[in-house]
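What follows is a single structure, written as structure tokens, with notes after it.
The values are calculated or read from the model by the stated rules, or taken from the named source; none is laboratory data. Since the structure is predicted, the reported quantities are computational estimates derived from the model, not experimental observations. When we count neighbours, we look across all protein chains shown, and the Cβ atoms used for this are built from the backbone with ideal geometry, even at glycine.
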Amino acid sequence: MRETYTSRFPELGFYGLPGHTRTPRDVLKQISDAEALGIGNVMISERADYKEISAICGACAAVTESIYIGTSGTNLNTRHPVITASIGSTLASLSNGRFALGLAKGGAARWKAWGLDFPTYEREAEFIALLRRLWRGETIAAHDGSLGQYAHLSLAPYVEEDIPILYVGFGPRSLVNAGRLYDGAHLHTFMSDRALGDAVAAIRCGEAEAGREQGSVKVWSVFATACEVSEEVYLKYIIARLATYLQIPGYGELLVSVNGWDEEVLRNFREHQAVTSVGGLIDSVASTMQLAEIEKLIPEAWRPAAVGTAKQCAERWLDQFRAGADGIIIHASTPEEFAPVLDEYAKIRPYESFEGRTNRPG
């Protein structure tokens with residue numbers, strides 16, 4: 001029986017190593033600071049340079065005692081089911097039950113370039129079902145399904161892990177599917193309060209379709225936070241991150257669609273010399289001067305985030321709960337940077353809403 005963990009703010013998480021990094025070791029201080037502040041979980045995204053997800057999660061487990069550690073996310077189709085299951089069982093044991101597996105589908109263009117199959121809804125459901133069986137210590141013989149044919153799948157008969165599986169994404173159809181299959185869902189940065197409410201409704205619809213209890217899937221708003229930062233830091237934390245999402249084909253269109261933004265603005269953004277001259281992902285290579293020019297192309301209304309004084313940021317956090325979120329993943333800022341917001345949030349936090357809550361994110 002694994003221990004139950006409850007921190008001061010179990011409804012709050014943060015993104016470790018937000019965006020691009022070349023120094024993954026930074027996460028060790030970030031997660032230690034967050035745990036000391038009472039943050040309930042850390043979520044870490046994956047990039048194929050210095051952010052291999054299982055290595056970073058293992059490092060986080062080694063230096064913490066109570067905070068939950070999760071992937072947000074790793075892709076469904078980049079590892080064999082047994083390898084993904086083994087990553088989960090190993091990290092769950094290493095952390096004494098503090099691991100959550102966040103799964104994402106990724107983009108079709110990448111999978112075509114890598115020679116991998118796209119993770120359809122059918123493959124997604126099958127993959128998740130296999131993981132849960134493997135974590136119960138089952139041996140699966142002669143499997144023949146959409147993922148392929150497997151003569152034998154197993155970890156070991158003594159494996160017994162209860163690992164929450166979280167959906168990472170924000171497409172409306174995918175969110176309905178998340179309500180059917182997952183234990184929790186991580187949405188996306190720069191979703192308006194209306195878009196957040198729509199996303200929660202889609203997940204609840206999926207729960208109903210599957211006959212699940214309403215509210216059983218924890219929905220996490222991913223919310224960029226920039227508390228009393230300089231203009232240069234604002235450009236890095238808000239503009240660079242949003243601009244990178246917008247520049248990716250398919251990805252940008254979906255973010256614009258769920259928010260009800262003008263597609264013509266997106267087209268003009270992508271065709272503008274300030275964007276085309278960057279020569280790579282904006283948050284990885286753009287200079288401060290380039291970001292200042294890119295900022296002029298992005299309407300203010302396209303930047304839903306917590307920006308301003310600590311009190312203003314705390315109020316915006318509260319807005320996420322009013323819009324239907326069960327929790328917030330603080331993005332962009334490090335724990336050291338958002339600590340003043342926590343002080344203000346503690347003054348207005350709806351304590352009764354989180355009574356009995358644990359750090360388990362799904």
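When the criteria are applied in full, residue 76 meets the requirement of being within 22 Å of residue 252 (Cα to Cα) and touching a Pro at 6+ places or on another chain (Cβ under 9 Å). Does residue 125 count as in a helix (DSSP H, G or I), over 20 Å from the mean Cα position of the chain (by Cα), at pLDDT 95 or above and farther than 24 Å from residue 10 by Cβ? The answer is no for residue 125.
Would you check if residue 139 is modelled with pLDDT of 95 or more, of a type in the set (Ser, Thr, Tyr) and closer than 19 Å to residue 75 by Cβ? Here the answer is no, as residue 139 does not meet what is asked.
Out of the residues in the range 18-44 that are polar (S, T, N, Q) and free of Cβ contacts under 8 Å to residues at least 40 places away in the same chain, which is surrounded by the most Cβ atoms within 10 Å (Cβ to Cβ)?
We begin by selecting, within the range 18-44, every residue polar (S, T, N, Q); these are 21, 23, 30, 32, 41.
With the extra rule that they be free of Cβ contacts under 8 Å to residues at least 40 places away in the same chain, the set shrinks to 21, 23, 32.
Working: 21: 17, 23: 8, 32: 15.
Only one residue fits best here, namely 21.
Within the range 35-56, work out how many residues are modelled with pLDDT of 95 or more and in contact with a His (Cβ under 8 Å, 6 or more places away or on another chain). Counting residues in the range 35-56 that are modelled with pLDDT of 95 or more and in contact with a His (Cβ under 8 Å, 6 or more places away or on another chain) gives 1. Taking into account only those residues within the range 313-360 that are part of a loop (DSSP other than H, G, I, E, B) and small (Gly, Ala, Ser), which is surrounded by the fewest Cβ atoms within 10 Å (Cβ to Cβ)? Checking each candidate, the answer is 356.
Out of the residues in the range 128-149 that are surrounded by 14 or more Cβ atoms within 10 Å (Cβ to Cβ) and of a type in the set (A, V, I, L, M), state the one that is farthest from the chain's Cα centre (by Cα). Within the range 128-149, the match that is farthest from the chain's Cα centre (by Cα) is 140. In this entry, residue 222 passes the filter for residues that are of a type outside the set (S, T, N, Q), assigned by TED's automatic domain parsing to the domain that holds residue 165, at pLDDT 95 or above and closer than 22 Å to residue 331 by Cβ. When residue 239 is tested against (1) in contact with a helix residue (DSSP H, G or I) (Cβ under 8 Å, 6 or more places away or on another chain); (2) outside the structural domain of residue 19 (by TED's automatic domain parsing); (3) closer than 27 Å to residue 119 by Cβ, just one condition goes unmet, and that condition is (3).
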